[in-house]
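Enquirer: This is the structure I want to talk about, given as structure tokens.
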Amino acid sequence: DTVDLHFLREEREAKLTRDKILADSAAMRKTQELALARKADTTLVVSPVELDLFKEEAPDVNVNLLSNIHQLYETGNSFKERKDILFIGGFEHPPNTDAMLWFLDAIFPIVQKENPDIRLIIIGGHVPEELKDKANDSIIITGFVGDIKPLFDRIRLSIAPLRYGAGVKGKINSSMSFGVPVVATNIAAEGMKLVHEKDVLIADEPEVFAREIIRLYGDSDLWQSLSEAGKQNIEEHFSFATAEAQLRNVL
């Protein structure tokens, strides 16, 4: 079970940073991952994108799709009863640290200029010092949170500003399962059958990402539409029933 394709994530990081050492490491990881897959009866990936990539890179490997599993929760408070935006993710995972540093430097200032009352809540363990140093009255960093439901019951929207990564993103799945709409990059939304302005809002450029946050934050009709469509996406692609069907196919 690959969880995500490590070599794909590392290749993307190397391309983003233009780091030859990281590129060499990604090439080594690719050789390692493909060798492990060839020793297994079946290799599982969580994303259709990675399924196609694996078939291209290693057509001799028996590879199957078995994605993440999420249950739906009752959506708590209404749009008007909610406020602030949320990022959720453990920071031992490098893409999350990169995403937050980029968001705070390039995107959040634009959001705050438009609406200074919006706060960002960041939850997740192993927060690096360079991120802790950015905390203030508008940037609340909680560290690990054992029960996320109370947060998702009161937060207005969540963000997934990932610049590199692989697999499918649990932070998006989790938010949609609670009926909380998401603004995400294309990388973050990859492999999840998410459609811009139907299931989520997708943007890659800082100004556009900020604009989509501001738009969603102030539009109750859009919020309700994305909330309902996000739950439907979970039901169709990440439910227990879907996973059971996928697993039966594997076996």
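Enquirer: Do we have any residue at all in segment 128-148 that's in contact (Cβ under 8 Å) with a residue 60 or more places away in the chain and either open to solvent by less than 60 Å² (accessible area, probe 1.4 Å) or of a type in the set (D, E, K, R) (or both)?
Expert: Just the residues of segment 128-148 that are in contact (Cβ under 8 Å) with a residue 60 or more places away in the chain, to begin with: 148.
If we keep only those that are either open to solvent by less than 60 Å² (accessible area, probe 1.4 Å) or of a type in the set (D, E, K, R) (or both) as well, we get 148.
So far as segment 128-148 goes, yes, one or more of its residues are in contact (Cβ under 8 Å) with a residue 60 or more places away in the chain and either open to solvent by less than 60 Å² (accessible area, probe 1.4 Å) or of a type in the set (D, E, K, R) (or both).
Enquirer: Here is a further query. In segment 184-251, which helices (runs of 4 or more DSSP H) lie fully inside it and hold 2 or more residues that are more than 19 Å from Leu66 (Cα to Cα) and acidic (Asp, Glu)?
Expert: On the way: elements: 186-189, 206-218, 220-237, 240-250.
Helices (runs of 4 or more DSSP H) meeting the threshold: 206-218, 220-237.
Enquirer: Select from segment 191-211 the residues that are in contact with a helix residue (DSSP H, G or I) (Cβ under 6 Å, 6 or more places away or on another chain), crowded, with 21+ Cβ neighbours inside 10 Å and touching a residue at least 40 places away in the same chain (Cβ under 8 Å) and list them in ascending order.
Expert: Gly191, Phe209, Ala210
Enquirer: For segment 79-153, which fully contained helices (runs of 4 or more DSSP H) count at least 3 residues that are over 24 Å from Asn173 (Cβ atoms)?
Expert: Details: elements: 94-102, 108-114, 129-132.
Fully inside segment 79-153 and qualifying: 108-114, 129-132.
Enquirer: Being under 20 Å from the mean Cα position of the chain (by Cα) and either touching a residue at least 60 places away in the same chain (Cβ under 8 Å) or open to solvent by 30 Å² or more (accessible area, probe 1.4 Å) (or both) narrows it down to one of Ile88, Ile123, Ile110, so name that one. Working first, answer last.
Expert: On the way: Ile123 fails: either touching a residue at least 60 places away in the same chain (Cβ under 8 Å) or open to solvent by 30 Å² or more (accessible area, probe 1.4 Å) (or both); Ile110 fails: under 20 Å from the mean Cα position of the chain (by Cα).
Answer to the selection: Ile88.
Enquirer: Next question, about the same structure. If you take the residues in segment 19-41 that are outside any helix (DSSP H, G or I) and acidic (Asp, Glu), which one is most open to solvent (accessible area, probe 1.4 Å)?
Expert: The first filter runs over segment 19-41 and keeps only residues outside any helix (DSSP H, G or I), leaving 19, 40-41.
In the following step, the residues that additionally are acidic (Asp, Glu) were identified as 19, 41.
On the way: Asp19: 57, Asp41: 140 Å².
Restricting to residues being outside any helix (DSSP H, G or I) and acidic (Asp, Glu), the top hit is Asp41.
Enquirer: Considering every residue within segment 213-236, establish whether at least one is touching a helix residue (DSSP H, G or I) at 6+ places or on another chain (Cβ under 6 Å), among the hydrophobic types (A, V, I, L, M, F, W, C), under 19 Å from Ser47 (Cβ atoms) and buried (at least 17 other Cβ atoms within 10 Å of the Cβ).
Expert: So far as segment 213-236 goes, yes, one or more of its residues are touching a helix residue (DSSP H, G or I) at 6+ places or on another chain (Cβ under 6 Å), among the hydrophobic types (A, V, I, L, M, F, W, C), under 19 Å from Ser47 (Cβ atoms) and buried (at least 17 other Cβ atoms within 10 Å of the Cβ).
Enquirer: Within segment 175-190, can you find the residues that are farther than 26 Å from Pro150 by Cα and without any contact (Cβ under 8 Å) to a residue 40 or more places away in the chain? Explain how you work it out, then say what you get.
Expert: Within segment 175-190, the subset farther than 26 Å from Pro150 by Cα is 186-187, 190.
Passing the criteria: only Asn186.
Enquirer: Restrict the check to segment 161-171 and report whether at least one residue is outside any loop (DSSP other than H, G, I, E, B), at negative phi, in contact (Cβ under 8 Å) with a residue 40 or more places away in the chain and open to solvent by less than 20 Å² (accessible area, probe 1.4 Å). Steps first, please.
Expert: Residues of segment 161-171 that are outside any loop (DSSP other than H, G, I, E, B), as a first pass: 170-171.
Filter once more, so that each one left must be at negative phi: 170-171.
Add one more test, that the residue is in contact (Cβ under 8 Å) with a residue 40 or more places away in the chain, and what stays is 170-171.
Narrowing further to those that are open to solvent by less than 20 Å² (accessible area, probe 1.4 Å): none.
Within segment 161-171, not a single residue is outside any loop (DSSP other than H, G, I, E, B), at negative phi, in contact (Cβ under 8 Å) with a residue 40 or more places away in the chain and open to solvent by less than 20 Å² (accessible area, probe 1.4 Å).
Enquirer: As an exercise: evaluate Asn96 against (1) in contact (Cβ under 8 Å) with a residue 40 or more places away in the chain; (2) open to solvent by 50 Å² or more (accessible area, probe 1.4 Å) and give the number of the one condition it does not meet.
Expert: For Asn96, the failing item is (2).
Enquirer: Residue by residue through segment 176-188, note down the ones that are open to solvent by less than 10 Å² (accessible area, probe 1.4 Å) and closer than 17 Å to Val46 by Cα.
Expert: Ala188
Enquirer: For a quick check of your reading of the model, give me the residue pairs whose first member lies in segment 50-73 and is open to solvent by 50 Å² or more (accessible area, probe 1.4 Å), whose second is charged (D, E, K, R), with beta-carbon atoms closer than 8 Å and at least 6 apart or on different chains.
Expert: Glu57/Lys30; Asp60/Arg38; Asn62/Asp41; Leu72/Lys231; Leu72/Glu235; Tyr73/Lys149
The values are calculated or read from the model by the stated rules, or taken from the named source; none is laboratory data. Worth saying up front: this structure is predicted, and the values here are computed from it rather than measured. Backbone-built Cβ (ideal geometry, glycine too); neighbour counts: all protein chains shown. Each accessible area value is taken on the protein alone, full model and side chains, heavy atoms only, with ligands, DNA and RNA left out. Shrake-Rupley method; radii C 1.70, N 1.55, O 1.52, S 1.80 Å.
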